[in-house]
Each structure stands twice: as structure tokens, then as C-alpha cells.
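The structure under discussion appears below in the form of C-alpha cells.
The values are calculated or read from the model by the stated rules, or taken from the named source; none is laboratory data. Bear in mind the structure is a predicted one, so any value in this text is a computation, not a measurement. FYI the Cβ positions are ideal-geometry reconstructions off the backbone, even for glycines, and counts take in every protein chain you see. For accessibility, only protein heavy atoms count, side chains too; no ligands or nucleic acids. Shrake-Rupley method; radii C 1.70, N 1.55, O 1.52, S 1.80 Å.
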Amino acid sequence: MVESQGAAREGSEAVPGGGLERKSQCTSHASSRAPPPRRSSSIVPFDAEESPGDLLQIRDLFVDGMKVNDAPEDYITKSLGSDLNDVGSLRETYLSGRGTFLMLVEDEEGEAAVVSSESSDESGANGNDSSNSGRKSIKGMVGLRDVSPTTGCGIDSNGTTEQKNLCELRRMSIHSSCRRSGYGAMLVEACISHAKQKGFDGIKLYTGAWMEAAIRFYVKMGFVDRCRLDYVNGDGSTVTIAHLEMTF
């Protein structure tokens, strides 16, 4: 249960003015004869109607983030078989209650915006109509699971019964080609905005205790480093995880 590892090497500063737009600094494979195409980044909610391509990219992005941060293979396999297994699993985990699953996408030339889950409709509000999205590439992602005892499941990913009105930040990952681009800060700020809008009292998360850069990043974003917990993997091995929390 090692969550939010993908942000370990993000280490980025908060985006001025709310962080709604950021020009990409990702590695380009374009020919040296011509400048790489300009790209804009947008944060959009996962849409089950466009799931096939998005889900494949989400799974690949998760594996990329986990391998960069030396996550155990059995953890990667287990995760791909749980909430990231299929569209139904992702929807049940994150889109029930007041949760959400956000993707940071890059498109060639276009306006960037943070779109809340309820604002993505057939009209393509805020310039995020999928029919005009161009070549969309998912470079970052994060899920907010409703673990409150009222509208949510009441149980977090560590198996702890939650008594407070919190959501849990999970599956935070930035593609290895886009680290230190500010994308991590953009996603966290979008999560904070969603959580406040939906009436949560705060956000909790777990990440590997060895992920010191990730922990520093979350603390910089306003989370409090609460404690360390021991988690037993499927093979009987034990890992130490960090529990962080932000209250509004």
C-alpha cells in the first residue's frame, strides 16, 4: 500500500495564481531541424465514456511512476489488478461519493484550464471538448477517494476506519519525462480545490517513508507529516509508510 509515489521527484513549486496553466517542459523527441510543437497542459476529470485510451495511459503512467521510485513488483501488480484494473474499478473507487480522478493532459496548441468533475458535459465547457483535444497525452494523474463515514466508504487504503470527513489522495504520478515541471503542484492544487468545493474537512495520504523528496513536496504544499506506519505486503515483507494530512 505505497501511495502517491509518482510525486517523489516532482519537487516543484506551487504555480503562481492558482496554477491553472503551465507550458510543458517535458523531454521532446522532435527532430533538431524544427522546434518542438508548443503544448499546453490541462487538468481534466476521468471520463468513463472515453475510457479505453485513457485507462491504458493511466496504467502505463502508474507503472512508469512506480518503477522510477523502485516500488515492489508485487505492489505494482496488485494495484493494476485493483482500482486500476478496469473502468468499473476506477469509477467505483474514485467517482462514487464526492471523489474524483484527475488527469493532467498535454495538447498541441490550446488553452489550459482546470475542469471540475461536474463541469465536463457534452458542450465541452471550458474548452475541453474531447472532439477538439488533438493528440492528448496524459502526463500526470491523481485520485481523490471519498473515505468519509457519511458519503464515502469509511475505510482508507491502509484499512483504517475513517471517522472524520476526509478524502484520500491516491495514485499521484507524474511521467518521468515531466518531473520538476510544476505538474505535481498543479494536481495537488486541483485536489485541494475539489475537496473544498465538495465540503471535505481535509485530505489524507500515504506514501513510502523512504520517499523523502515526496514528503518534503507534500509538506511544502501544506500537508502535515503525521506519523510512520508499518504495512505488511502480500509476501509477508514489511514496509514503512508515511501518513500525511491536510485540514482546511
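From the residues in region 117-154 that are open to solvent by 30 Å² or more (accessible area, probe 1.4 Å) and of a type in the set (A, V, I, L, M, F, W, C), which one is modelled with the lowest pLDDT?
Filtering region 117-154 for residues that are open to solvent by 30 Å² or more (accessible area, probe 1.4 Å) and of a type in the set (A, V, I, L, M, F, W, C), the one modelled with the lowest pLDDT comes out as Ala125.
For region 197-248, which strands (runs of 3 or more DSSP E) that fit wholly inside it have 1 or more residues that are at pLDDT 90 or above, exposed (fewer than 15 other Cβ atoms within 10 Å of the Cβ) and touching a strand residue (DSSP E or B) at 6+ places or on another chain (Cβ under 9 Å)?
Ranges flagged: 224-232, 238-247.
Can you tell me which residue among Ser157, Ser173, Ser193 is surrounded by 14 or more Cβ atoms within 10 Å (Cβ to Cβ), under 16 Å from the mean Cα position of the chain (by Cα) and assigned to a loop (DSSP other than H, G, I, E, B)?
Going through Ser157, Ser173, Ser193 in turn, the sole match is Ser157.
Considering only region 203-219, state which residues are without any contact (Cβ under 8 Å) to a residue 60 or more places away in the chain and touching an Asp or Glu at 6+ places or on another chain (Cβ under 8 Å).
Listed by number, the residues that qualify are Ile203, Lys204, Ile215, Val219.
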